[in-house]
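The values are calculated or read from the model by the stated rules, or taken from the named source; none is laboratory data. Fair warning: this is a prediction, and the values are worked out from it, not measured in the lab. Cβ atoms come from the backbone with ideal geometry, glycine included; neighbour counts cover every protein chain shown.
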Amino acid sequence: MSKIEGSNDNGATAGSEGKFPSVFLPGATIGILGSGQLGQMSAMAAKSLGYKVAVYDASPDGPACSSADLVFTAPFDDLDELARFADAVDIATVEFENIPVGALEFLETRVPVRPSASVVRTCQDRVLEKEFLSGNGFPVAPFRVITSAAELAAGLSALNAPSILKTAALGYDGKGQISLNPGEDAEVAWTKLGAPRAVLEQRIAFATEVSVICARTPSGETRCFPVQTNVHRGGILDVTSVPAEVDPSVADKAQAITASIAGKLGVVGLITAEFFVLSDGDHGSGLMVNELAPRPHNSGHHSMETTVTSQFAQHIRAVCGLPLGPVELRSPGVMINLLGDLWRGGEPDWELLLSEPRLFLHLYGKSEPKAGRKMGHFTLLGESAALRGSNESIRRRALELRGQMAQA
């Protein structure tokens, strides 16, 4: 095992970090919990830096499995297999935040887990996440914690505005959410949601959505990627553009808030903060934090081409305690998600797509294209001279290409 002995000097980081090395050098084995495309691209970045990779997931054929040196296929509550996984790795990380916290806590007694079980617990539970944000003074939409139809009725009355009811756990890509208006039948809505705990948030009028990815090391070094603009469709990220077309003061504020969140939460690895940019500039900064994700993020996929260091390489650097890489933009770009819906008319026209100059295609190797399933993405780069200009022409061309590649 390649490592540098030493303890974590930041008391904010939870878990049992103090008894483990803070730095793991190339040659060590990184364990990734989860086998999706985020794990796949993280594994590829790790291997390019000279690390070995072990993947643990209940699914035997996730995209990350093909990029791993070792694959452990078992449920996350299988303590015997988790122990074998811990014996095989030097350090563990996550590729999505819905890993059972009990599994992370079990692993933390054996290897460093970055981000910690404490961080993941906060970010996988909307109640804990909202309470953390509001309790630390970060700007969030007015909300109420809901555990019954009666509390939902009271919450709708108190907010007295169009709202969104979201399950506390396991909601992603727009799942587990119901839009509500004042006076709607709380009993019906609560039964429809079918969850024991939820958050009722006031719906916010916003001009655009942006996100910031921030890396943080065990020593507390932080570095934020450029702010990016996001457009969602059906609750799923559709298009990301970088640099974000927002006022520089708003971009600076979004990065400062994200870095502060990373420090307060004690993140080691990556944390992504999604923001609403308010249309009226109220609430001081003109920003509200929508959600957090303690991992690489779909909105940062373009970084493999647009920034000096990709989010995946930065994630590996951060969790292993290496110096963080530079994140300056090399080129503006637009990232387009490719969902299984594109396969409805047959295999998409890859030749058309790949004939486009300055376009980079990434397919995840998933066998079955289902509606709403993320099968891949592509990034279309603009000219470097346009770093401070509008991305509209790049975005228009990227969307045009996606439309053309889908066979009728």
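Listing for the model above:
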read-out	value
Options Ala158, Ala141, Ala153: the member that is small (Gly, Ala, Ser) and part of a loop (DSSP other than H, G, I, E, B)	Ala141
Enumerated strands (runs of 3 or more DSSP E) restricted to the stretch 302-408, each holding at least 1 residues that are among the aromatic types (Phe, Trp, Tyr)	359-363, 374-381
Condition check for Glu131: of a type outside the set (A, V, I, L, M, F, W, C) and within 24 Å of Thr258 (Cβ to Cβ)	yes
Yes/no for Phe72 being outside the structural domain of Arg216 (by TED's automatic domain parsing) and touching a residue at least 40 places away in the same chain (Cβ under 8 Å)	no
The listed residue being surrounded by fewer than 21 Cβ atoms within 10 Å (Cβ to Cβ), acidic (Asp, Glu) and touching a Phe, Trp or Tyr at 6+ places or on another chain (Cβ under 7 Å), out of Glu81, Glu105	Glu81
Filter pass, Pro182 being more than 26 Å from Met335 (Cβ to Cβ), assigned to a loop (DSSP other than H, G, I, E, B) and outside the structural domain of Met335 (by TED's automatic domain parsing)	yes
Asp61 vs. criteria farther than 24 Å from Asn298 by Cα and either outside the structural domain of Gly376 (by TED's automatic domain parsing) or crowded, with 16+ Cβ neighbours inside 10 Å (or both)	no
Qualifying strands (runs of 3 or more DSSP E) (wholly inside the stretch 205-291; at least 2 residues being buried (at least 24 other Cβ atoms within 10 Å of the Cβ))	206-216, 236-242, 269-278
Which listed residue is at pLDDT 95 or above and either within 21 Å of Gly321 (Cβ to Cβ) or not acidic (Asp, Glu) (or both), from Ser48, Ser16	Ser48
Those residues of the stretch 115-129 which are under 14 Å from the mean Cα position of the chain (by Cα) and under 20 Å from Ile30 (Cβ atoms), in sequence order	Pro115, Val119, Val120
Selected residue [over 30 Å from Gln255 (Cβ atoms) and over 21 Å from the mean Cα position of the chain (by Cα)] from Pro60, Pro100	Pro60
Residue count for the stretch 121-144, restricted to those that are under 23 Å from Glu108 (Cβ atoms), touching a residue at least 24 places away in the same chain (Cβ under 8 Å) and of a type in the set (D, E, K, R)	2
Which listed residue is more than 30 Å from Phe20 (Cα to Cα), crowded, with 22+ Cβ neighbours inside 10 Å and not aromatic (Phe, Trp, Tyr), from Gly321, Gly333	Gly333
Residue count for the stretch 351-369, restricted to those that are surrounded by 12 or more Cβ atoms within 10 Å (Cβ to Cβ) and under 22 Å from Asp61 (Cβ atoms)	7
Residue within the stretch 261-278 that is in contact with a Phe, Trp or Tyr (Cβ under 6 Å, 6 or more places away or on another chain) and modelled with pLDDT under 95 present	yes
Looking only at the stretch 143-184, and only at residues there that are closer than 17 Å to Gln124 by Cβ and among the basic types (Lys, Arg), the one that is modelled with the highest pLDDT	Lys166
Evaluation of Val246 against (1) among the aliphatic types (A, V, I, L, M); (2) over 21 Å from Phe312 (Cβ atoms); (3) in contact (Cβ under 8 Å) with a residue 60 or more places away in the chain (one fails), failing number	(3)
For Val71: the one exception among (1) in contact with a strand residue (DSSP E or B) (Cβ under 7 Å, 6 or more places away or on another chain); (2) part of a helix (DSSP H, G or I); (3) surrounded by fewer than 21 Cβ atoms within 10 Å (Cβ to Cβ)	(2)
Scan of the stretch 21-54 for residues that are farther than 15 Å from Ala318 by Cα, within 18 Å of the chain's Cα centre (by Cα) and part of a strand (DSSP E or B), ordered by number	Leu33
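Quick grid of which residues meet (1) assigned to a helix (DSSP H, G or I); (2) in the same structural domain as Thr29 (by TED's automatic domain parsing):
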position: Tyr56; (1), (2): no, yes
position: Ile99; (1), (2): no, yes
position: Phe106; (1), (2): yes, yes
position: Val111; (1), (2): no, yes
position: Pro115; (1), (2): no, yes
position: Lys130; (1), (2): yes, no
